[in-house]
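The values are calculated or read from the model by the stated rules, or taken from the named source; none is laboratory data. None of these values were measured; they are calculated from a predicted model. Note that each Cβ is placed from the backbone with ideal geometry, even for glycine, and that neighbours are counted across all protein chains shown. Just the protein is used for accessible areas: all its heavy atoms, side chains included, with ligands, DNA and RNA removed. Shrake-Rupley method; radii C 1.70, N 1.55, O 1.52, S 1.80 Å.
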Amino acid sequence: FPFSHSWTNLEVLDLTENKINQEISVNLDGLSSMKDLFLSYNNFFGTIPNEIRTLVRLETLHLDHNLLYGTFPDDVLSLARLRELTKKTDYQK
């Protein structure tokens, strides 16, 4: 899913259950106001990109039920406002 650099005021993005089949975009720097990002129940695959650390206002991040693997980058885990984080029961082939 191509994130747009013109979404600088977007605070909530819910793409839950949209059958998106791709890696999570690394072009996140245009989402500087993002507070809640819901990407659950899709087919996102690969690792969680370090670029999520640019979402400094992020409070909620749901990544569960995708095809992701690996651990959360330390930079993501250190986001000061992050209060809710899910990445469980991913279905890997």
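The table below gives the values:
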| item | result |
| --- | --- |
| Average accessible surface area per residue within the chain, 1.4 Å rolling probe, Å² | 59 Å² |
| Listed residues ARG83, ARG57 arranged by accessible area, highest first, probe 1.4 Å | ARG83, ARG57 |
| 5 Å-binned pair-distance histogram of the chain (Cα, whole percent) | 3, 15, 26, 28, 21, 6, 1, 0 |
| Expected 222 nm ellipticity per residue - DSSP helices of 4 or more, -39500 (n - 2.57), all of the chain, to 500 | -500 deg cm²/dmol |
| Those residues of segment 22-37 whose amide nitrogen sits under 16 Å from the label point placed on ASP75, 7 Å along Cα→Cβ | 24-32 |
